[in-house]
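Heads up: the structure comes next, in structure tokens.
The values are calculated or read from the model by the stated rules, or taken from the named source; none is laboratory data. A quick note: this is a predicted structure, and the numbers were derived from the prediction, not measured. All Cβ positions, even for glycine, are placed from backbone atoms using ideal geometry, and neighbour counts span all protein chains on display.
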Amino acid sequence: MVLRIGVVGLGCDWESRHRPALHSLQDRYKVEFICDEVALRARNAASQFNAMAPRGFRHAIDGEQIDAVFLLDQQWTGLLPLQSACAAGKAVYLNTALEMDAQSQQEVVRLVEATKVPFMIEFPRRFAPATIRLKELIATQLGRPKLIFCHHRLTPASCGSNPRSLVIQRSLAEIFDWCRYIVDGKPDSLFSVSYPRAENPSDIEYQMLSVDFQTKDDSAERVVAQISAGTYLRSDWPEAVSFRPPAAMQVCCENGIAFIDLPNTLIWFNGAGRHMESLEGERPVGERLFAAFHRLLENGNSHFDCLSEFRESTRVIQAARQSIAENRRIDF
């Protein structure tokens, strides 16, 4: 089944993830139109897929030839493309929900629940080849996780015009979902701290979460994840930005320890020594994400309940704000 799609907003992941995935999956997707707030960028992208670049997205979304809408960037239109897609009964692939404010996130949930449209949010870390391999090792070699450490260094340039707090929020929400997927459990409590920006104290440039997870198999078992993200490296420090980046995830398990560099590198240690696995030959993350969305539309099946995971991630971010405001650990 070939799905006819429209793309609204290209975003910073278009060249690295979304465009290559759509080219590779031309047997499953036909791009009918591309809209972006920069008209020239939309026309250039549309020409690569022999697609239209209409001036507005409303009429294009309503067209009978469209099966699904890919919302890949948070632009000046806000929730209007999502509202149009839901009103037209079109399936939605959403890449921007985790960086929205709390009110907009609640509206996303309300719209999807009210219209029952097929819906998927992009959680890229779940689909990384190194993540899938780590899950296999936990089941066979490493044993259950005990401690998880994740730190993401963001550059100010990656924030664009968005408040840094929202960019950090998205990173923390994605990493939390990643940790929850690895642990296969639910959060029991968390504590959070943040550091304000010197130029704008109402914004932040660093935030940390310490999340206590309860595992699904044994409620008495606990896993602690320390999750942090920050934009504290200035753009005029180019060498510092690229210097010795930390592993995207470090997992201490019962029988060993693993280090992940996304998307394809996994190094793990146990009693037998060091093991390095490079998964360059595996399908890229973008292809895995779009293939999962295609399966969702083709047979109604998805390997995870996206809306529930989205609710859980937003609940954790809200609890983190409460923890910072009240300077205490929040229980769920």
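Among the residues of the stretch 194-209, those identified as within 15 Å of CYS150 (Cα to Cα) and either touching a residue at least 40 places away in the same chain (Cβ under 8 Å) or acidic (Asp, Glu) (or both) are GLN207, LEU209. Evaluate the stretch 50-65: report whether one residue or more is touching a Leu at 6+ places or on another chain (Cβ under 6 Å), at pLDDT below 95 and not aromatic (Phe, Trp, Tyr). No, the stretch 50-65 contains no residue that is touching a Leu at 6+ places or on another chain (Cβ under 6 Å), at pLDDT below 95 and not aromatic (Phe, Trp, Tyr).
Checked across the stretch 18-34, the condition of being at pLDDT 95 or above and under 18 Å from GLY78 (Cα atoms) holds for at least one residue. Selection of the stretch 96-139 for residues being in contact with a Leu (Cβ under 9 Å, 6 or more places away or on another chain) and hydroxyl-bearing (Ser, Thr, Tyr) yields THR96, SER104, THR131. Taking (1) within 29 Å of ALA102 (Cα to Cα); (2) within 16 Å of the chain's Cα centre (by Cα); (3) modelled with pLDDT of 95 or more in turn, ARG328 satisfies each apart from (2).
On the stretch given as the stretch 258-276, residues that are among the hydrophobic types (A, V, I, L, M, F, W, C) and touching a residue at least 60 places away in the same chain (Cβ under 8 Å) total 5.
Say whether the condition of being within 18 Å of THR314 (Cα to Cα) and in contact with a helix residue (DSSP H, G or I) (Cβ under 9 Å, 6 or more places away or on another chain) is met by at least one residue in the stretch 126-135. Yes, there is a match, as at least one residue in the stretch 126-135 is within 18 Å of THR314 (Cα to Cα) and in contact with a helix residue (DSSP H, G or I) (Cβ under 9 Å, 6 or more places away or on another chain). Filtered by the rule that a residue be surrounded by fewer than 17 Cβ atoms within 10 Å (Cβ to Cβ) and free of Cβ contacts under 8 Å to residues at least 60 places away in the same chain, the stretch 84-105 gives ALA87, ALA88, GLY89, GLN103, SER104. On the given criteria, is THR77 farther than 11 Å from ILE61 by Cα, among the polar types (S, T, N, Q), surrounded by fewer than 20 Cβ atoms within 10 Å (Cβ to Cβ) and in the same structural domain as ARG58 (by TED's automatic domain parsing)? For THR77, the condition - farther than 11 Å from ILE61 by Cα, among the polar types (S, T, N, Q), surrounded by fewer than 20 Cβ atoms within 10 Å (Cβ to Cβ) and in the same structural domain as ARG58 (by TED's automatic domain parsing) - is met.
Between VAL223, VAL251, which is within 30 Å of GLN106 (Cα to Cα), touching a residue at least 40 places away in the same chain (Cβ under 8 Å) and either assigned to a strand (DSSP E or B) or assigned by TED's automatic domain parsing to the domain that holds TRP178 (or both)?
Answer to the selection: VAL223.
For the stretch 23-44, residues that are outside any loop (DSSP other than H, G, I, E, B) and in contact with a helix residue (DSSP H, G or I) (Cβ under 7 Å, 6 or more places away or on another chain) total 6. With respect to the conditions (1) modelled with pLDDT of 95 or more; (2) touching a Pro at 6+ places or on another chain (Cβ under 6 Å), THR231 falls short on a single one, namely (1). Candidates ILE260, ILE267: the one that is under 20 Å from the mean Cα position of the chain (by Cα) and modelled with pLDDT of 85 or more is ILE260.
Restricting attention to the stretch 68-117, the residues that are among the charged types (D, E, K, R) and part of a loop (DSSP other than H, G, I, E, B) total 4.
When the stretch 8-22 is examined, which residues are found to be under 15 Å from the mean Cα position of the chain (by Cα) and buried (at least 22 other Cβ atoms within 10 Å of the Cβ)?
The first filter runs over the stretch 8-22 and keeps only residues under 15 Å from the mean Cα position of the chain (by Cα), leaving 11-14, 16-18.
Within the stretch 8-22, ARG17, HIS18 meet the criteria.
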